[in-house]
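Novice: The structure's right below; bear with me while I get my questions together.
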Amino acid sequence: MWVPFQLGHPLGAPDNLQFQRRVLDAVLNLFKAPAGPVLEDYPEDEPENDEITVLSCPVRYNQAADENVTADPLLQAFQREMTAMRPWYDTAVNKRGRTTVGVSGMKLEELPDFIYAFAKSEIPENPRKEYAPAYMLKLAAEDLKSYYIEAVTAQPGQANASARLLQDWFWDETEAGKVLLSVKTACESSQDKMMNMIGAHFLVPGDIARRQGK
């Protein structure tokens, strides 16, 4: 069964039990085919929640008010945004009793400096020597995106935000999205083939990259 949902949503929108049941029923019905292989398109798109139209990080920072004016402004904004999201993330973990953050094995406070180094075409110290730096970047980026999505959906009224709305919020409105777009550009210019591949295909969704001109 080929489904038209966002990556990571094989059954469609989270917590929409009726819709997910329809998807599973459609998959199980494929077993009734007299012969195989069988490939069918699922006929429905993932439901959108029209009630939620605005998502935001808890705090916006004034660059001019920063004490360390010599520091990279995007990195500073990224670090502070990460810190501001932490209470929402902790709320999400406490409420749900689980998290998808952790595939990189890195601490949350380590992610900004590690990821941002790649935006400057630098290779940071690799915390897991068994993996190539490019692959560690991919894992760190996955943790970053999960951290933001879990945090923002813990905010009041945001639990049922659609995948499309969450994706647009992350890439259009957060400093983290800006950083990953910059990392993508830097990786695509790398002479390292694996780094080039990660930047081209695994950091930013294709439709977002095209929309952003990346």
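The values are calculated or read from the model by the stated rules, or taken from the named source; none is laboratory data. Note that this is a predicted model, so its numbers are computed, not measured. So basically every Cβ, Gly included, is an ideal-geometry build from the backbone, and we count neighbours across all protein chains shown. For the accessible areas, the whole protein counts, side chains as well, though only heavy atoms, and no ligand, DNA or RNA atoms are used. Shrake-Rupley method; radii C 1.70, N 1.55, O 1.52, S 1.80 Å.
Novice: Please pick out the residue among A154, A132, A141 that is modelled with pLDDT of 95 or more and over 14 Å from K184 (Cα atoms).
Specialist: None of the others qualify; the one that does is A132.
Novice: When the residues of the range 157-170 are filtered to those that are hydrophobic (A, V, I, L, M, F, W, C) and part of a helix (DSSP H, G or I), which remaining residue is modelled with the lowest pLDDT?
Specialist: A163
Novice: So, in the range 171-213, exactly how many residues are outside any helix (DSSP H, G or I) and either under 23 Å from F5 (Cβ atoms) or in contact with an Asp or Glu (Cβ under 7 Å, 6 or more places away or on another chain) (or both)?
Specialist: 5
Novice: So, of the residues in the range 160-192 that are among the basic types (K, R) and in contact with a helix residue (DSSP H, G or I) (Cβ under 7 Å, 6 or more places away or on another chain), which turns out to be surrounded by the most Cβ atoms within 10 Å (Cβ to Cβ)?
Specialist: K184
Novice: Regarding the range 79-95, can at least one residue be identified that is outside any helix (DSSP H, G or I) and open to solvent by 60 Å² or more (accessible area, probe 1.4 Å)?
Specialist: no
Novice: Taking the criterion of being farther than 18 Å from W88 by Cα, touching a Pro at 6+ places or on another chain (Cβ under 7 Å) and buried (at least 16 other Cβ atoms within 10 Å of the Cβ), would at least one residue in the range 116-133 satisfy it?
Specialist: yes
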